[in-house]
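Working notes for the structure below.
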Amino acid sequence: MKLIFFGTTGAVQTTDNTNISFCVIEAPAAILIDASGSPCQYLLRIGVAASDFDALILTHAHPDHMHALPVLIQNLLLIKRKKPLRIFCNRATEKKAKQLLELFSLLPGSGTYPIEWVCGGNITFDRIPGMRVDLFPVNHSIQTSGIKISTARASLIFSSDTAPSDRVITEASGATALIHEATGSDRNRRILNEEGHSTALQAGETADKAGVDTLFLCHFDVRQELRPEELQREAQMRFKGKVIIPELYRVYEI
Ligand SMILES: [Zn+2]
């Protein structure tokens, strides 16, 4: 399974980084997770045709995770994509996503590619060759889904935005890799947890309890003026496995 990050910040963008989104590839299947920035450009830069990726997963309806949905769908219409696009999300996110597309008259009609919405509470989907996708609820300020993507060889969990979550620990138990949000330092634990976010130390604790091989940190809040390397050290105080600050566009094999 290949993992490629396009952005790893929280809601505030910087000169050289942008809102969290990434791609998971298990050839021939490719899944885009969250729609921020310039999704088609990101896919093209890693050699995935926008006409050919299989699915989009939207974790929740906060703007930094979903604002680029209209321009993604518009691109696919303009390049005359034929392949159906599956969109996995929870019900609240589905409702907001459809409102957003309706606003721009972008809900595809006849003669264009079909969108297959795969929505609900606990979603399990295994019709992408070589992959199984599960969505599960986490602890954020709005209805938000964590993601588990499994193949015969590896399993990957994404916490999305969440305060520390027992469900993430359960889903990530024995997984190959956990991508966990680390919005800030444990010095700001109370306020971050109240806002439905985790500290880097708590991301490390979750990785340790789950017994994963590798922890990727993301969703950094630059307003806290902490370098990701400091958050990495904080997570390493609780987790003795590999802790990675993702480099954008680097291909991670898990
Ligand atoms: Zn959020």
Quiz item: Would a scan of the range 167-178 turn up a residue that is in contact with a helix residue (DSSP H, G or I) (Cβ under 7 Å, 6 or more places away or on another chain) and surrounded by fewer than 21 Cβ atoms within 10 Å (Cβ to Cβ)?
Solution: yes
Self-check item: Failed condition for Q41, given (1) touching a residue at least 60 places away in the same chain (Cβ under 8 Å); (2) away from the ligand (no atom under 16 Å from the Cβ)
Solution: (1)
Practice problem: Take the range 109-124 and flag every residue that is buried (at least 16 other Cβ atoms within 10 Å of the Cβ) and out of contact with any helix residue (DSSP H, G or I) (no Cβ under 7 Å at 6 or more places or on another chain). | Solution: I115, V118, I123
Quiz item: What number of residues within the range 212-229 satisfy the criterion of being surrounded by fewer than 23 Cβ atoms within 10 Å (Cβ to Cβ) and closer than 23 Å to L3 by Cα?
Solution: 6
Quiz prompt | Qualifying positions in the range 226-254 - among the hydrophobic types (A, V, I, L, M, F, W, C) and closer than 17 Å to L201 by Cβ | solution = L226, L231, A235, M237, F239, V243, I244, I245
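I need a count of the residues in the range 156-188 that are of a type outside the set (F, W, Y) and within 16 Å of the ligand (Cβ to nearest atom). Steps first, please.
Taking the range 156-188 and keeping what is of a type outside the set (F, W, Y), we get 156-157, 159-188.
Pick out the ones that are also within 16 Å of the ligand (Cβ to nearest atom) and you get 159-165, 168, 179-184.
Residues flagged as of a type outside the set (F, W, Y) and within 16 Å of the ligand (Cβ to nearest atom) within the range 156-188 amount to 14.
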Quiz item: If you check S185 against the conditions, is it under 22 Å from E225 (Cα atoms) and either touching a Phe, Trp or Tyr at 6+ places or on another chain (Cβ under 8 Å) or buried (at least 21 other Cβ atoms within 10 Å of the Cβ) (or both)?
Solution: no
Practice problem: Output the residue which, of all residues in the range 70-94 that are exposed (fewer than 15 other Cβ atoms within 10 Å of the Cβ) and more than 14 Å from C40 (Cα to Cα), is farthest from the ligand (Cβ to nearest atom). | Solution: K82
Exercise. Collect the residues in the range 191-200 that are of a type in the set (A, V, I, L, M, F, W, C) and either crowded, with 20+ Cβ neighbours inside 10 Å or in contact with a strand residue (DSSP E or B) (Cβ under 8 Å, 6 or more places away or on another chain) (or both), keeping them in residue-number order.
Key: L192, A200
Self-check item: Residue, surrounded by the fewest Cβ atoms within 10 Å (Cβ to Cβ), within the range 128-144, restricted to residues that are touching a residue at least 40 places away in the same chain (Cβ under 8 Å) and more than 16 Å from the ligand (Cβ to nearest atom)
Solution: P129
Quiz item: Since H67 meets every condition but one in (1) surrounded by fewer than 22 Cβ atoms within 10 Å (Cβ to Cβ); (2) more than 15 Å from the ligand (Cβ to nearest atom), which condition does it not meet?
Solution: (2)
Self-check item: All helices (runs of 4 or more DSSP H) inside the range 145-254 with 3 or more residues being of a type in the set (D, E, K, R) and in contact (Cβ under 8 Å) with a residue 12 or more places away in the chain
Solution: 200-210, 228-236
Quiz item: What about F125, is it part of a strand (DSSP E or B), of a type outside the set (D, E), within 17 Å of the chain's Cα centre (by Cα) and modelled with pLDDT of 95 or more?
Solution: no
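This table checks each residue for (1) over 23 Å from E171 (Cβ atoms); (2) touching a helix residue (DSSP H, G or I) at 6+ places or on another chain (Cβ under 7 Å); (3) at pLDDT below 95.
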| position | (1), (2), (3) |
| --- | --- |
| T199 | no, yes, no |
| E205 | no, no, no |
| K209 | no, yes, no |
| D213 | no, no, no |
| L217 | no, yes, no |
| D221 | yes, no, yes |
| E225 | yes, no, yes |
| A235 | no, yes, no |
| I245 | no, yes, no |
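The values are calculated or read from the model by the stated rules, or taken from the named source; none is laboratory data. Just so it is clear, the structure is predicted and the values come from calculations on it, not from any experiment. Positions of Cβ are generated from backbone atoms using ideal geometry, with glycine treated the same way; all protein chains shown enter the neighbour counts.
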